[in-house]
Amino acid sequence: MNRALLDTDILSEVSKAIDPTVARNATAYRQAHGYLTLSVISVMEVIQGYQRVGATTRIRVFRNAIAAEDVLLLDQPAAELAGQIAGDLDRVGRPIGRYDPMIAALAIIKGLELATGNTAHYQRVQQLGYPLVLTNWRV
């Protein structure tokens with residue numbers, strides 16, 4: 001199994017353990033690599049969601065759960081590429097949100113596949129010519 005950066009939707013599904021296909025993919029990835037690979041952007045998005053509903057216990061559980069995972073930082077090269085991606089998407093009238101260009105750029109810079117259930121969303125990045133590799137953990 002190739003190394004992959006988990007998009008926030010997949011990270012959320014892994015923690016909920018509802019979708020058996022996502023759970024199987026997460027288990028196989030952990031067996032192959034010893035950890036899940038996620039971004040600080042997804043960490044922020046998950047905590048923001050819990051904070052919005054006042055779920056402080058879930059925030060603590062989430063923080064403990066990701067302590068053993070590979071959490072990638074958004075460095076300057078990834079931030080610069082994210083700005084280019086977001087700007088190009090805005091220019092053609094097909095934005096994908098504030099955070100997703102950062103996640104896509106981090107996957108590209110680190111040479112990772114992006115594990116997402118939202119492939120149609122990220123295909124907009126590919127359509128602009130960026131070398132983003134997608135894998136759908138829901139199928």
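The values are calculated or read from the model by the stated rules, or taken from the named source; none is laboratory data. All values reported here derive from a predicted model rather than from experimental measurement. Note: ideal-geometry Cβ built from the backbone for every residue, glycine included; neighbour counts use all protein chains shown.
Below is a table of values for the structure above.
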| quantity | calculated |
| --- | --- |
| Residue that is farthest from Lys110 (Cα to Cα) [pool: residues in the range 2-20 that are touching a strand residue (DSSP E or B) at 6+ places or on another chain (Cβ under 8 Å) and surrounded by 21 or more Cβ atoms within 10 Å (Cβ to Cβ)] | Val14 |
| Filter result for the condition that a residue is among the basic types (Lys, Arg) and within 24 Å of Ile96 (Cα to Cα), over Arg3, Arg24 | Arg3 |
| Residue in the range 56-67 that is hydrophobic (A, V, I, L, M, F, W, C) and touching a Leu at 6+ places or on another chain (Cβ under 8 Å) present | yes |
| Odd one out for Ala82, checked against (1) over 19 Å from Leu132 (Cα atoms); (2) under 19 Å from the mean Cα position of the chain (by Cα); (3) modelled with pLDDT of 95 or more; (4) of a type in the set (Gly, Ala, Ser) | (1) |
| Qualifying residue in the range 21-29 (condition: over 22 Å from Val133 (Cα atoms), loosely packed, with under 12 Cβ neighbours inside 10 Å and without any contact (Cβ under 8 Å) to a residue 60 or more places away in the chain) | no |
| The listed residue being closer than 28 Å to Ser15 by Cβ, exposed (fewer than 15 other Cβ atoms within 10 Å of the Cβ) and basic (Lys, Arg), out of Arg124, Arg98, Arg138, Arg94 | Arg98 |
| Residues located in the range 45-63, provided they are surrounded by fewer than 14 Cβ atoms within 10 Å (Cβ to Cβ) and hydrophobic (A, V, I, L, M, F, W, C) | Val53, Val61 |
| Selection count where residues are aliphatic (A, V, I, L, M) and more than 17 Å from Ser42 (Cα to Cα), scope the range 94-139 | 6 |
| Unique residue being in contact (Cβ under 8 Å) with a residue 12 or more places away in the chain and within 20 Å of Val22 (Cβ to Cβ) when the list is Ala104, Ala86 | Ala104 |
